[in-house]
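Below you'll find the structure, written out as structure tokens, and then a few comments.
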Amino acid sequence: VPVVCHFRSARPLRQAELALMRWIDALIVLSEVSRDICLRQGVPAGKLAVIPNGLDVQRLRNGVSREAARTRLGLSRHQLVIGVVSRLVPGKGHLVFFQAMRSVVAQRPDVRVVIVGDVVEGDGGYLQELRRSLRNLSLEDHVRFTGWHRDAVDLYSAFDVLAQTSLLPLGLITLICG
């Protein structure tokens, strides 16, 4: 039975992870950056496969109208809406994103942020930290947490901008056009 592992980070492998490589048949990484890091650490190229996280743009053209998605989220059709879809964990960069949002709100007071996702493994403390940060930055009226949605793809049409806020080198800001 082949042993296939998935590595979700762009950090170097730890010593224990490197030691386990002798029993792993394949290691899936998310980017060329991660692949290069593994190669520099001596992981054989034949064991590495790059399978990037992706956003299937065709699934975004699912027939859910902008108005329907915004109505579902309680948003006006005239507001600038920034969406963040991610787990609520520190590595996803929400606190840094909130700092940046202060400048955006100063220029566009009508902006609203919708954060789709939830904490993992019962860590409600991080959600409270995020809410506290929003209060301290006077952003609580601009940011809404929706929690986890099985049908999150149906909400994308409400967004003018989709922000990928990850602190890893893989993070980026993506404009959703259409």
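Filter the range 1-51 for residues that are part of a strand (DSSP E or B) and free of Cβ contacts under 8 Å to residues at least 24 places away in the same chain and give the result.
Answer for the range 1-51, where residues must be part of a strand (DSSP E or B) and free of Cβ contacts under 8 Å to residues at least 24 places away in the same chain: 5, 6, 27, 29, 48, 49, 50.
What number of residues within the range 142-151 satisfy the criterion of being closer than 17 Å to residue 81 by Cβ and either open to solvent by 50 Å² or more (accessible area, probe 1.4 Å) or in a helix (DSSP H, G or I) (or both)?
Of the residues in the range 142-151, 1 are closer than 17 Å to residue 81 by Cβ and either open to solvent by 50 Å² or more (accessible area, probe 1.4 Å) or in a helix (DSSP H, G or I) (or both).
For residue 73, are the conditions met, namely being touching a strand residue (DSSP E or B) at 6+ places or on another chain (Cβ under 8 Å), at pLDDT below 90 and aliphatic (A, V, I, L, M)?
no
Could you list all residues from the range 104-163 that are out of contact with any His (no Cβ under 9 Å at 6 or more places or on another chain) and basic (Lys, Arg)?
Of everything in the range 104-163, those that are out of contact with any His (no Cβ under 9 Å at 6 or more places or on another chain) and basic (Lys, Arg) turn out to be 108, 131, 132, 135, 144, 150.
From the set of residues in the range 154-174 that are touching a strand residue (DSSP E or B) at 6+ places or on another chain (Cβ under 9 Å) and assigned to a helix (DSSP H, G or I), which is modelled with the highest pLDDT?
Across the range 154-174, the extreme among qualifying residues is 158.
The values are calculated or read from the model by the stated rules, or taken from the named source; none is laboratory data. As the structure is a computational prediction, the values presented were derived from the model and not from experiment. Cβ: placed from backbone, ideal geometry, glycine included. Neighbour counts: every protein chain shown. Quick note on the areas: whole protein, heavy atoms, side chains included, nothing else; ligands and nucleic acids left out. Shrake-Rupley method; radii C 1.70, N 1.55, O 1.52, S 1.80 Å.
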